[in-house]
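Novice: First, the structure itself, so that you have it in front of you.
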Amino acid sequence: MSFKNVDSGEFGLRVNGVDMMIGSDMLKDATVIENVHAPLPSVTLTFLDNKRAAASAGVFVDGAKLEVTIGDGKKEPRVYKMRQWSLTDGAANTAGDLCTISGTADLVPWFRKVVDKPYKGHATEAVTQMAKDAGITRVDADTSNDKMTWHPDGSTISQLARRIIDHSWLAEGKSLFMALTTDGGEPLLRIKDIMTKGDSADKPLASAGMSDPDHYTVWDYRIASHSGFLNAITNYGHKVVQEKLSGAPDVFSTLDITKLASSLGINSQLMQAVGLVRTLYHAPDVGNTHSNYVKASHHNVKSRATFSSVVHFLLDELTNYKLLDDLQATLARSSGQVDPAFSGGYKITAIARHLSKGSYREKVVGSSQGTNADQFNQGA
């Protein structure tokens, strides 16, 4: 272990099994990021190598095995097994060489191996088996209703897995999403229905001044909305057409979803003004896919696009949050009053655990519905 104390956090680095002695005065930055849109968790480390220890341990070789320990100094830290993919060795000075290492989770087959065989079964069954073939032993998946043979298409395991989930089908108003996250540092593949409210495995959030021991304190939060962009490409004016076996066309243009957030509204005037201006034509149905194959793709893409309101929460504690967890947040305006527009439920879409200048920080990104659909099933 390089260092551990309650004031400056906890950090450790092993390269190819060799401990690197990096004190808090030598570590400039350590960040581990998980994101629902990234195939693997990633790490970036910047530190002073005053004895060229990193070089002698082989860290300059692509693919070197990294074991990164990061924590807040108070709780059990996270230990991440990574692979080094790039390194920058800065100019030498009296304090040592400034090294920046970047890497990803040590799951090379998931990220790089090309699929060379078909997988049979429901989408979640197929992806679960693909994950196991890639060395991922822990999978948390809902069960889909879309049995077929999923054929390789020249893409890697992670790419094909994501395409399979894009065409997965649960039921009307439901939608699966896939994310590779970590649980205590160990890889965990999650395939969950994002249109269902679930229980978080950890405490809710509350702004400073409103929190208690049963909440994590939010010291700052930033808001972003992507509804205009997402609506332009996936909601307003978007339909899919496919020729059926009978020769008649199937047309998918509306979206029936479960409303989870009170802020999700319907802007019918704008929808009518835009009209159906974007149409995608899918390959004809030849009978070798499940019955909702094309409908599922249209439904899933548009359902995910409803999660267009994003809030970045800044914490100073190590949490047990995982990607796709449900999160409750009570946020306060500068006046100290509750912010009703952004207090509520979120799906966690990104987590950054960060250690810099003797301080641990954690950023949690939550997404909630904030765009528009044609109809709603009122959620619980």
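The values are calculated or read from the model by the stated rules, or taken from the named source; none is laboratory data. Remember, it's a predicted structure, so these values are computed and weren't measured experimentally. No Cβ is skipped: glycine too gets one built from the backbone with ideal geometry, and neighbour counts run over all protein chains shown.
Novice: When region 340-351 is examined, which residues are found to be in contact (Cβ under 8 Å) with a residue 60 or more places away in the chain, surrounded by 17 or more Cβ atoms within 10 Å (Cβ to Cβ) and not aromatic (Phe, Trp, Tyr)?
Specialist: Gly344, Gly345, Lys347, Thr349, Ala350, Ile351
Novice: Return a yes/no flag: does region 50-71 have any residue that is modelled with pLDDT of 85 or more and out of contact with any strand residue (DSSP E or B) (no Cβ under 6 Å at 6 or more places or on another chain). Please lay out each step first, then the result.
Specialist: Restricting attention to region 50-71, the residues satisfying the condition of being modelled with pLDDT of 85 or more are 63-71.
Within this subset, residues satisfying the condition of being out of contact with any strand residue (DSSP E or B) (no Cβ under 6 Å at 6 or more places or on another chain) are 65.
Checking region 50-71: at least one residue is modelled with pLDDT of 85 or more and out of contact with any strand residue (DSSP E or B) (no Cβ under 6 Å at 6 or more places or on another chain).
Novice: Here's something else I'd like to know. Can you work out which of the residues in region 72-93 that are in a strand (DSSP E or B) and loosely packed, with under 14 Cβ neighbours inside 10 Å is modelled with the lowest pLDDT? Lay out the reasoning, then the answer.
Specialist: Within region 72-93, the first condition is being in a strand (DSSP E or B), and the residues that meet it are 78-89, 93.
Then keep just the ones that are loosely packed, with under 14 Cβ neighbours inside 10 Å; that gives 86, 88, 93.
On the way: Ser86: 83, Thr88: 75, Asn93: 60.
Only one residue fits best here, namely Asn93.
Novice: Which numbered condition in (1) touching a helix residue (DSSP H, G or I) at 6+ places or on another chain (Cβ under 7 Å); (2) at pLDDT 95 or above is the only one that Asp153 fails?
Specialist: Asp153 satisfies every listed condition except (2).
Novice: Scan region 103-118 and tell me whether some residue there is in a strand (DSSP E or B), surrounded by fewer than 17 Cβ atoms within 10 Å (Cβ to Cβ) and modelled with pLDDT of 90 or more.
Specialist: Checking region 103-118: at least one residue is in a strand (DSSP E or B), surrounded by fewer than 17 Cβ atoms within 10 Å (Cβ to Cβ) and modelled with pLDDT of 90 or more.
Novice: Just one of the numbered conditions (1) in contact with a helix residue (DSSP H, G or I) (Cβ under 9 Å, 6 or more places away or on another chain); (2) free of Cβ contacts under 8 Å to residues at least 24 places away in the same chain is not true of Ile164; which one?
Specialist: Tallying (1) in contact with a helix residue (DSSP H, G or I) (Cβ under 9 Å, 6 or more places away or on another chain); (2) free of Cβ contacts under 8 Å to residues at least 24 places away in the same chain, Ile164 fails exactly one: (2).
Novice: Please pick out the residue among Gly23, Gly17, Gly9 that is modelled with pLDDT under 95, out of contact with any Asp or Glu (no Cβ under 6 Å at 6 or more places or on another chain), of a type outside the set (Phe, Trp, Tyr) and within 18 Å of Lys74 (Cα to Cα).
Specialist: On inspection, the qualifying residue turns out to be Gly23.
Novice: Can you tell me which of Leu331, Leu324, Leu318, Leu355 is at positive phi, surrounded by 18 or more Cβ atoms within 10 Å (Cβ to Cβ) and in contact with a strand residue (DSSP E or B) (Cβ under 8 Å, 6 or more places away or on another chain)?
Specialist: The conditions single out Leu324.
Novice: Still on this model: Against the conditions (1) more than 19 Å from Leu205 (Cβ to Cβ); (2) in a strand (DSSP E or B), where does Ala329 fall short? Just the number, please.
Specialist: Ala329 satisfies every listed condition except (1).
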